[in-house]
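**Q** Before we start, here is the structure in question, set down as structure tokens.
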Amino acid sequence: TRDADEIESLVDEMLTYAKLEGAPADGIRCDRHEMVSWLKAVTGQEQALSSEMSRNTVEFASATGIDALTTEFDPVLLERAVRNLIRNGVRYAETKVRVSIESTTDPQKADICIHIDDDGPGIDETFRDKVFEPFFRVDDSRNRRTGGYGLGLAIVRRIVEAHGGRVSISDSPLGGARFTVFL
């Protein structure tokens, strides 16, 4: 049954990617939602799942003074992207994943940034653009033993772009990788 589960998971990922690949050029339909409480809820669910499945902790932190940020987004699609990033972080972290949100004053950068940091091995700069390509996998520390098909980050990119945003990878203050969603 493990093989059947893996095939079902791969088919689901491929269908999701194909659906997002064919999304209209003008993006998706978004409504106004409060993002801080939404992100806390998503992080809390992933924290509970992580405590059952691994030794790694998942924590939420918002910038000082940010209790609420209302913006337009599709909560179901963006949740999938954030969950993919958190689960990716949990997969590679040594002990911790931190999800944080900040509001920026630089419209060239973004209005809102969601950071997912881990304390794992990080991602070499030469692979940072490539990991968002479908079926690409970094070999060394992020290898097949950790699971996945190389579609999760491609799906994240498509979802974020459908929201008119972008996603990037940098070095985390925790020592591993930092994925930032700019909206």
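**Q** Ignoring ligands, DNA and RNA, what percent of the accessible area of segment 27-115 is carbon or sulfur (1.4 Å)?
**A** 47 percent
**Q** If R₀ is 25 angstrom, what is the calculated FRET efficiency for the pair residue 76 and residue 49, using the beta carbon separation as r and rounding to 0.05?
**A** Calculated value: 0.90.
**Q** Round to the nearest 0.05 the FRET efficiency obtained for residue 66 and residue 135 when R0 = 41 Å and r is the Cβ-Cβ distance.
**A** 0.65
The values are calculated or read from the model by the stated rules, or taken from the named source; none is laboratory data. Treat the numbers as computed from the prediction; the structure is a model and nothing was measured. Cβ sites come from the backbone with ideal geometry, for glycine too, and all protein chains shown count toward neighbours. Surface areas here come from the heavy atoms of the whole protein model, side chains and all, with no ligands, DNA or RNA. Shrake-Rupley method; radii C 1.70, N 1.55, O 1.52, S 1.80 Å.
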